[in-house]
Every structure is written in structure tokens, then in C-alpha cells.
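Student: Before we start, here is the structure in question, set down as C-alpha cells.
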Amino acid sequence: MTRSRHELAELFTSLHHNGSVLALPNAWDVMSARLVELEGAAAIATTSAGVAWSLGAADGDQLDRERAIDLVARIVRAVSVPVTADIESGFGATAADVAETIRGVASAGAVGVNLEDAHHGGDSPLRPIADQAERIAAAREADPVLYINARIDVYLLAVGDLAARVEATVERARAYLDAGASGVFVPGVADTETISLLAKEISAPLNVLVGPGSPTVSELGALGVARASLGSGLSQAAYAVVQRGAREMLTSGTYTATADALDFGTLNSVL
């Protein structure tokens, strides 16, 4: 039975509050989304970097809104689980622009977004708290059921002294939650002490970015984390295979880089 967007939104929100870590191996196109779904993921999350690269643009507010939303819509149509879209900083300069993006995401069928406070090309690496809170409030007004994952880039961009980053992150988290965010995403933090402290200080589901060297999913759960994301990691790994395979063929003339490839029939049957 096909579930309505409202039902998918309720399901997606509940996945952050059921006592388990929502593990999200981020996808960047329809095929990667289908493969992630087939492996048992409870939801599909896109990676803005992987999406941008696949569409011929650099990450960091370089991709245009229409192309990004079109890809979200194609992924939504291809899977049966909830989809949450990484929309960078909202594909627009103003809060009204963010609201327009949210309406597009909703029309595409996604039930969640990541909305970051990084300010690409701005005077400072992060938007002022009041500015970002206004953008989040506009997103919430545009869609009451959307799961808004407020991304805070204090750690990712190494803003301020290390000792002050927890306090700065928590200050931003509280303002964003007051503005209507559903949860908080803090990429760039990997040590268990800091993760545990953030989980205690932030009164909403905490999302962290994971990769080689990060605590395991079960370890993150014990620290109070509600959601773990691979971000652009899978897309980077996929492109690394392309580079290795091309280099091997063009230098040694061999093809071992493709030895572990999925077979044609398997991939063709996924779509």
C-alpha cells in the first residue's frame, strides 16, 4: 500500500525517537538510493556533495534549486521509504528563498531536509544565529510536517577556539530549535566525550557525521546519538573506484579495479 507524504513524514520523525540510531548511508542518485533501500535502510538521505558532483556542479551552494529538487523527486518516485534531502543552505539568499525551496522539496515528496548554517562566500564561515533562525522559521512555516535537521558547522569549519565549540554549538542548537527545527546535525565531531556532551546538552535528536575512525553505530547509540550519516562518503568511495580503474587501464593496461563490481543483471533489475 502506498503511504501518503503525511504518513511518511510521521514515520520519518518517529525513527528519531524510537531508541535506536537511524543509520543513513547517503545516496546521490536513483541507483544508489535503490541499493541503499534494498540493503534495508529505513529511510533515504541524499548527500548535497554527491548530488552536486553527479549533476556536474561543485558542492557549496553551486547547484541550482531546480536541478536539485528534480533529483529529489526522482529518488522519491523510485523508493518506498521516507526521503530526506540535503538542501545545503537552502538554495537562496533570503529566508523567503528558503521557504520557496521547502515548498519545492515538499512537492517533490521528501519529508525531511538538512539546512546548514555555513555561509559560502560570506564575510564569516557561519551565518549569524538570528539570520539562520529566521531561515529555519521560514522553512517551518512553509511546511509544518517537515523534519528540519538543523546543521551546525562550528566543528566542521573549525570556527573559534576548540574549548568554546561545545558552548557555541549548543547556543546555535537552542536558537534553531526555538525557530522550528526538529533535530540538530553536528558534522565534524568524532570523539566520544564531545558527542556525549552534545547529546546531553541538546534537547532534540542529535545527528553526527560518520566515517572511518568514527564510533560504531551501536557505540553512538550508547552516547545518546539518534542519527548517523555517511554524508558524501559513499559517493567519494564510488568515484575513487572510477579513478583507480581509469588509472589502471591507462597505465598498466589491466582491469582489476572492477573485480568486485556488481553484475549487470543485478543492477539492471534494481530499476
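The values are calculated or read from the model by the stated rules, or taken from the named source; none is laboratory data. Model, not experiment: these values are computed from the prediction. Counting neighbours? That spans all protein chains shown, and the Cβs are built from the backbone with ideal geometry, glycine included.
Student: When you go through (1) farther than 23 Å from Ser269 by Cα; (2) under 14 Å from the mean Cα position of the chain (by Cα) one by one for Ala130, which number turns out not to apply?
Tutor: Only one criterion is unmet by Ala130, namely (2).
Student: With the condition being charged (D, E, K, R) and either over 22 Å from Ala133 (Cβ atoms) or under 17 Å from the mean Cα position of the chain (by Cα) (or both), I'd like the helices (runs of 4 or more DSSP H) fully within region 23-101 carrying at least 2 qualifying residues. Step through it out loud before you land on a result.
Tutor: Details: elements: 30-38, 48-54, 65-78.
Hits in region 23-101: 30-38, 65-78.
Student: Something else now. Restricting attention to region 110-124, and to residues there that are at negative phi and more than 19 Å from the chain's Cα centre (by Cα), which single residue is surrounded by the fewest Cβ atoms within 10 Å (Cβ to Cβ)?
Tutor: Step one: filter region 110-124 for residues at negative phi, giving 110-120, 122-124.
Retained after the next criterion (residues that are more than 19 Å from the chain's Cα centre (by Cα)): 122-124.
Values: Gly122: 12, Asp123: 6, Ser124: 10.
Looking at residues that are at negative phi and more than 19 Å from the chain's Cα centre (by Cα), I get Asp123.
Student: Quick one: which helices (runs of 4 or more DSSP H) lie wholly within region 192-267 and hold at least 3 residues that are closer than 22 Å to Val51 by Cα? Can you show your working first?
Tutor: Numbers: elements: 192-201, 217-223, 233-251.
Correct list: 233-251.
Student: Using beta carbons and a limit of 9 Å, which pairs, at least six apart or on different chains, have the first residue in region 195-223 and touching a residue at least 60 places away in the same chain (Cβ under 8 Å) and the second one surrounded by fewer than 17 Cβ atoms within 10 Å (Cβ to Cβ) and among the β-branched types (Val, Ile, Thr)?
Tutor: Leu220/Thr192
Student: Quick check, is Arg34 charged (D, E, K, R), farther than 25 Å from Ile136 by Cβ and modelled with pLDDT of 95 or more?
Tutor: Numbers: charged (D, E, K, R): yes; farther than 25 Å from Ile136 by Cβ: yes; modelled with pLDDT of 95 or more: yes.
Yes; evaluated as a whole, the condition is true for this residue.
Student: Residue by residue through region 138-159, note down the ones that are farther than 15 Å from Ala173 by Cβ and not β-branched (Val, Ile, Thr). Lay out the reasoning, then the answer.
Tutor: First pass over region 138-159, keeping only residues farther than 15 Å from Ala173 by Cβ: 138-147, 157-158.
Those that are farther than 15 Å from Ala173 by Cβ and not β-branched (Val, Ile, Thr): Ala138, Ala139, Arg140, Glu141, Ala142, Asp143, Pro144, Leu146, Tyr147, Leu157, Ala158.
Student: Does any residue in region 1-15 that is among the basic types (Lys, Arg) come within less than 8 Å, Cβ to Cβ, of a residue that is part of a helix (DSSP H, G or I) six or more places away or on a different chain, and which pairs are these?
Tutor: Arg3/Leu11; Arg5/Ala106
Student: Sort out which residues of region 77-93 are at negative phi and surrounded by 24 or more Cβ atoms within 10 Å (Cβ to Cβ), and write them in order of number.
Tutor: Pro82, Val83, Thr84, Ala85, Asp86, Ile87, Ser89
Student: Find the residue count for region 179-191, including only residues that are in a helix (DSSP H, G or I) and not hydrophobic (A, V, I, L, M, F, W, C).
Tutor: Step one: list which residues in region 179-191 are in a helix (DSSP H, G or I), which gives 179.
Then keep just the ones that are not hydrophobic (A, V, I, L, M, F, W, C); that gives none.
Count: 0.
Student: Out of curiosity, is Val145 at pLDDT 95 or above, of a type in the set (Val, Ile, Thr), within 24 Å of Gly112 (Cα to Cα) and surrounded by fewer than 19 Cβ atoms within 10 Å (Cβ to Cβ)? First the steps, then the outcome.
Tutor: Working: at pLDDT 95 or above: yes; of a type in the set (Val, Ile, Thr): yes; within 24 Å of Gly112 (Cα to Cα): yes; surrounded by fewer than 19 Cβ atoms within 10 Å (Cβ to Cβ): yes.
Taking the combined requirement at face value, the residue satisfies it.
Student: Would you check which residues across region 44-62 are without any contact (Cβ under 8 Å) to a residue 60 or more places away in the chain and either buried (at least 23 other Cβ atoms within 10 Å of the Cβ) or farther than 15 Å from Glu116 by Cβ (or both) and list them? Let's see the steps before the verdict.
Tutor: Initial filter on region 44-62 (without any contact (Cβ under 8 Å) to a residue 60 or more places away in the chain): 44, 46, 51-52, 55-58, 62.
Hits for region 44-62 are Ile44, Thr46, Val51, Ala52, Leu55, Gly56, Ala57, Ala58.
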